[in-house]
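A short write-up of the structure that comes next.
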Amino acid sequence: MKWSWLIVLIVLFAGPVIWSWDSDTIPVNNGFGWDGNMYEMYTQYLPEAIEQGAINRFRMQRMLVPATVYGIMKQAGLERTPEQVILAYRVVNMVCIGLAMGAFLLLVRLCKWYWETALLAFAALFFSMPFMKMSLFYPILADIPAFSVGMWAVYFWAKGWRAGLLVTILIGAFTGPTMWVYGLLLLPGSIHVESRTNLLARKWWTFLIPILFGIAWIWVWQTKPEVFLDPPSFSQSVRLNLLPVSLGIVFLYLWGAGQIVRAVPSMVERLRSSQWLWLIPFAGIILGVQYVIQTCAGPEEVPQTWSSYMLLLLQQSVTYPGGFLIAHFTYIPGIVLLGIFAAPYFTRVILQFGPGPFALTLVVLGMALGTETRQLMQVLPWLVFLFSAILDKHWRFNPILLGISILVLWLAAPWWSQFAIEAGTLEGQFLQEPAQRYFRFHGPWMNFQSWQHQVFIFLGITGSLVLSWKFGLIQSIGNSDSPVQKQK
């Protein structure tokens, strides 16, 4: 393992961060942004907010970071002015990024990945918008801490420390609402499982998920057309002229996810084994978290219930042709890059891990269909680990392709960190559409034109990868003649 190269990448990450440390924050609500405006209030007046019931159940699931910052600043005697609160969140974000990097490096050592895999995964993960731009430009959010907790959860699972996994789930339950899904890793399965999985012989099973989605979508379209045509203020209506293309992209995505559905009978058979005992403390954590939420949260109505969330997935998944896929690509483009490389061998690796990882992967792929990327920050570490494990097992990278990939990710990262919405440049566009519409459907601070640009960039990268495969720039580990294949 060439740790010196990882040190170089960390230095390259630190450069733009240090350069833009004193840069402007988002020019919305005096630098607090939209959601950050509420977290700033909780940070300044936490006891009063709880006493007056100003925190609803949804927000209570993200209160660990505001409560921690409040406690530290109070004990240190720091005045909780807006400027000091923003600075405190910037420091917290940098600390959490460092913790996430630590978990990543421990994961690399534990899994004994090839150095090429580690370098590409590191660049794909940390050279991205949340880490190089959002952590300083829009600091008052719980996204970075949530990701850090999720990364440690993956490490504890890979290490086999289920007690540590339970602790991270408990901590993460108050940094983001999706942390509970890591409890699926308590089901049978581990990184060391190598048992053979019997797939259903008939491949038509791969169409099961798209068919079920289509039935549900048509039923909601007929019974509740307002979900698509007159959505709530935080959403956006479906563009009818683009609907066929949108549905086609969604069906293709679901068909790809349906490849692993063929292993359901084998997974059910494996679930008859032991290890169920760990679900008891997990259930206790869930009940304890719910008790805290019900006790401390105010009576304000929760913006999303499970039923409304499912309807939102159906609506948002087809808002634009691949709109959410493009938003995810813009947010953390390296995950898409890793996913494209890992796609040919995705099924065989995830099935070897066992029922827990199998179930978690299905849930994350389903959430990614129409969930805002920020809500996925806690579970994205699982996809990073999964794609990296696949690449390390089945691929070796030509040094030229590896260098080009890391260089492109690095060159894109400073642009994210330096980009700021100056007064007068995008002001008109922000006045034309609600901020939440920008945040959810154009990706963070993307207008429709930049969304189109991302489509062309996505197609360009895909075409480059296809050409790289055709001309042998990507080498398979199964090719004994590969000049870059190395032994562990």
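Only the coordinates and a few stated rules stand behind these numbers; no lab work does. Because the structure is predicted, anything quoted here is derived from the model rather than measured. Note: ideal-geometry Cβ built from the backbone for every residue, glycine included; neighbour counts use all protein chains shown.
Highest mean first, what order results for 96-105, 122-131 on Cβ atoms within 10 Å? Kindly include the intermediate steps, with their values, before the conclusion.
Values: 96-105: 19.2, 122-131: 24.1.
Those peptides, ordered most packed to least, come out 122-131, 96-105.
Got a sec to turn the phi values of the range 207-220 into Karplus ³J(HN,Hα) couplings, 6.51 cos²θ - 1.76 cosθ + 1.60 with θ = phi - 60°, whole Hz, x for Gly and Pro?
Whole-Hz 3J(HN,Hα) from phi for the range 207-220: 8, 4, 5, x, 5, 5, 4, x, 5, 5, 5, 5, 5, 5.
Report the extension gain between ALA216 and LEU242 in nm, rounded to one decimal, defined as 0.36 nm multiplied by the number of residues separating them, less their alpha carbon distance. Kindly include the intermediate steps, with their values, before the conclusion.
Values: separation 26, 0.36 × 26 = 9.36 nm, distance 1.94 nm.
Length gained between ALA216 and LEU242: 7.4 nm.
In debye, nearest 20: dipole of the range 77-207 around its Cα centre with unit charges on the Cβ of K, R (+) and D, E (-)?
My answer is approximately 500 debye.
Order of 135-141, 184-190 by packing, highest average Cβ count within 10 Å first?
Top of the packing list down: 135-141, 184-190.
Under the rule of at least 5 residues apart or a separate chain, name every residue whose amide H is placed under 5 Å from the amide H of TRP395.
Amide H neighbours of TRP395: ILE477.
Ranked by Cβ crowding within 10 angstrom, fewest neighbours first, how are LYS112, LYS133 ordered?
LYS112, LYS133
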